[in-house]
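S.K.: One structure coming up, written as structure tokens, with questions to follow.
Please treat every number below as a calculation from the coordinates, not as lab data. Everything numeric here is computed off the predicted structure, so don't read it as measured data. No Cβ is skipped: glycine too gets one built from the backbone with ideal geometry, and neighbour counts run over all protein chains shown.
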Amino acid sequence: VRDIILSISSGINAEYGGASSLLGSVDITSCSRPGLETGLKSPLADIRAAKVEQEVDMTEVNEIEVEETVAQIKNNDSSLTTCCFNNVQMDTEMVDSITSAMVRNTSVTKLEMCNCGVVDANIEGFITMLRSNKTLTSLSLETNKIAGKFLVELIKCLDTNETIKELRIANQYYSTGVGDEMAIAKALDKNSSLCKFSLNWKNGGSRNTADRIIMRNNDLARKKRRGLA
């Protein structure tokens with residue numbers, strides 16, 4: 001009897017392990033935290049959410065000299081390729097001065113402004129920046145106070161942008177509605193360069209649509225690297 005029980009137990013463990021391995025191999029390109037947004041608990045650890053937390057520590061003190069860095073952006077300092085303003089609380093004017101300086105900059109490829117107090121009134125500046133700047137490849141605006149309808153407008157402006165490859169807008173103070181998420185997914189379809197995108201999706205259909213678009217863009221980027229496109 002003991003041998004039979006052990007045999008059944010081993011079979012169940014092997015089957016469970018195989019299923020876990022299969023689930024663990026799935027790679028989703030957009031970030032979501034199901035436990036926080038929907039009340040559902042995932043059977044697996046949310047590795048993507050943990051990665052975001054590792055990349056942007058919201059308790060870390062940022063000692064960047066903001067005005068000096070903005071001056072470097074305005075002067076198109078070629079030595080400045082990454083600007084990390086994370087965790088520096090700014091007023092609306094300072095945020096606008098950064099986006100205004102970035103419009104004609106040709107050196108900065110990565111702009112991080114997570115937890116900086118970016119609000120709806122600043123989005124027009126980011127839209128102008130993304131429509132004009134042809135060098136920036138990565139923009140992070142996580143953990144700010146941007147409403148859903150303004151996130152939609154931000155994504156819509158990417159229809160003519162062919163250089164942005166990474167955009168992170170997850171963890172906003174305001175929740176996005178189903179209509180906003182559907183509009184975001186629709187707008188993403190008009191961009192072919194974005195390969196990494198984060199948003200706390202509530203709507204599964206919109207999220208699946210966005211994931212397919214991001215995977216399509218990654219395939220296009222891979223073909224370009226190989227000279228096939």
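S.K.: Summing Lys, Arg as +1 and Asp, Glu as -1, what charge do residues with Cβ under 9 Å from the Cβ of residue 190 carry, residue 190 excluded?
M.R.: Every neighbour counted, the sum reads 0.
S.K.: From the phi of every residue in region 129-138, what ³J(HN,Hα) in whole Hz does the Karplus formula 6.51 cos²θ - 1.76 cosθ + 1.60 yield, where θ is phi - 60° and glycine or proline is x?
M.R.: 3J(HN,Hα) across region 129-138, in whole Hz: 4, 5, 7, 9, 6, 10, 10, 5, 10, 9.
S.K.: What is the magnitude of the charge dipole of region 170-229 about its Cα centre, with +1 placed on the Cβ of each Lys and Arg, -1 on the Cβ of each Asp and Glu, and no other charges, expressed in debye to the nearest 20?
M.R.: My answer is approximately 460 debye.
S.K.: Only Lys, Arg, Asp and Glu count, each charged at its Cβ (+1, +1, -1, -1), so figure out the dipole size of region 94-229 about its Cα centre, rounded to 20 debye.
M.R.: Computed charge dipole of region 94-229: roughly 700 debye.
S.K.: Grab the other residues whose beta carbon is less than 11 angstrom from that of residue 97, score K and R as +1, D and E as -1, and report the net.
M.R.: The answer is -3.
S.K.: For residue 120 and residue 59, what is the calculated FRET efficiency with R₀ set at 30 Å and r taken between the beta-carbons, to the nearest 0.05?
M.R.: Working from the Cβ atoms, E equals 0.70.
S.K.: Put +1 on the Cβ of each Lys and Arg and -1 on the Cβ of each Asp and Glu in region 96-169; which of 161, 97, 117 then has its Cα farthest toward the positive end of the dipole?
M.R.: Farthest towards the positive end: 161.
S.K.: Could you calculate the contour length gain from residue 186 to residue 75, that is, 0.36 nm times the residue separation minus the distance between their Cα atoms, to one decimal place in nm?
M.R.: Fully extending the segment from residue 186 to residue 75 adds 36.3 nm.
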